[in-house]
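The values are calculated or read from the model by the stated rules, or taken from the named source; none is laboratory data. Keep in mind the model is a prediction, meaning the values are calculated, not measured. As a convention, Cβ positions derive from the backbone with ideal geometry for all residues, glycine included, and neighbour counts pool all protein chains shown. All accessible areas refer to the heavy atoms of the entire protein, side chains included, with ligands and DNA or RNA removed. Shrake-Rupley method; radii C 1.70, N 1.55, O 1.52, S 1.80 Å.
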Amino acid sequence: MHRLCLESLNVVLVHPANAGNIGATARVLKNFGVKTLILVKPKVSPLHPEALSRACKAQDILYNAVVFNSLEDALAPFHYVVGTTARARYKRSVVFPREIASYLTALSGKNKIALLFGPERTGLTNKVLDMCHALVTIPTAPEHSSLNLAQAVGVILYELFYHSLTGGASQRLPRLATSQELEAMYKHLIEALSPVGFVLGGKRGHTYRVLKRLFSKIPLTESDVRVIRGICRQIIWYVKNSQKKF
Ligand code: SAH
């Protein structure tokens, strides 16, 4: 039986606006043994006095917080990205935190996992949700589904922490491809499929999202990605060479 490896978990706050929320998030990370806080374009510094005061004994997490200007850069090294959303406004299915705990346990150890949280006012955009392998919603009263940011982080980490104490997974999954490797694969797929007319709805952007949704259902490894990119290379080569004959 394997336990959830908490070192694999990283909390990513996308455009947080409120210093108090950043501090309270650091505190709850420390409560549940998660060490890394990543901030993407925060509106305030993690070292804002209010953040430091709300963090209590977790100020080290704020001092060590890693700040990125772009979400793509922040997610590049991750093998699995979990998005959190209050509202089911999105076509993809969402799961409860408890339901994903055992899968994250199987992934942890060999894979870096990002838990993504959105800005206080707007939440994560559909474009960002598209970048996630899985979407998690905390069940709430339907008429008031949006939790405070730091409290949402707390509920999700609690569920995962609880699972790390009590649950287990029968196997560890192998190391998956990183977001960076997957992004390069999607670009390659579009590059190979567009010239042969595979452009869904006539839009490359839509095709990209559909392919992404499809492939994010499969835990692709680095070598799986190499095979798919090999297919892309062959299509591109074939199209180029068959055109030469005419
Ligand atoms: N007004 C926004 C909510 C923003 S709350 C909306 O309706 O989408 C800030 C962040 O906290 C969200 O982006 C999400 O990451 C997290 N959050 C809040 N409530 C949540 C819930 N019920 N389930 C999962 N995540 C939640």
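Structure notes:
- For segment 75-157, the C-alpha radius of gyration divided by 2.2 N^0.38 Å, with N the number of residues, is 1.05.
- Rule-of-thumb Rg ratio for the chain [Cα; 2.2 N^0.38 Å; N residues]: 1.11
- The H on the amide N of L173, modeled in the peptide plane, is under 5 Å from the matching H of L107, each at least 5 residues off or on a different chain.
- Helical content of the chain, expressed as a calculated mean residue ellipticity at 222 nm, amounts to -14500 deg cm²/dmol (DSSP H runs of 4 or more residues, -39,500 (n - 2.57) each, divided by residue number, nearest 500).
- Between the amide H of T36 and those of V11, distances stay under 5 Å, these residues lying 5 or more places away or on another chain, with hydrogens modeled in the peptide plane.
- Lys, Arg +1 and Asp, Glu -1 on Cβ, resulting dipole of the chain about Cα centre, debye, nearest 20: 780 debye
- The mean sequence distance of close C-alpha pairs (under 8 Å, at least 6 residues apart), as a share of the length of the chain, puts its relative contact order at 24 percent.
- Summing charges over neighbours of G33, with a neighbour being any other residue whose Cβ is under 14 Å away from its Cβ, gives +2 when K and R count +1 and D and E count -1.
- Size of electric dipole in segment 1-135: Cβ of Lys, Arg +1 and of Asp, Glu -1, about Cα centre, debye, nearest 20: 280 debye
- For segment 145-212, trypsin sites (Lys or Arg not before Pro) meeting the loop criterion (DSSP other than H, G, I, E, B) and having at most 15 other Cβ atoms within 10 Å: R172, R175, K203.
- Using only side-chain charges placed at the Cβ, +1 for Lys and Arg and -1 for Asp and Glu, the dipole size of segment 149-246 relative to its Cα centre rounds to 600 debye.
- Positive-pole candidate from T85, F161, N31, dipole of the chain, charges at beta carbon: T85
- Most fluctuating residue given options G201, G109, G123, as computed from a GNM of the chain linking Cα atoms under 10 Å: G201
- Principal axes of segment 179-243: Cα extent on each, largest first, Å: 35, 27, 16
- Note on I231: accessible area is roughly 100 Å² with a 1.4 Å probe, heavy atoms of protein only.
- Surface accessible to a 1.4 Å probe, per residue, for the residues of the chain, Å²: 53 Å²
- For segment 64-208, alpha-carbon Rg relative to the globular expectation (2.2 N^0.38 Å, N residues): 1.16
- 14 Å Cα-Cα reach of K203 towards aspartates and glutamates, excluding residues that sit fewer than 8 places from it in its own chain: E191
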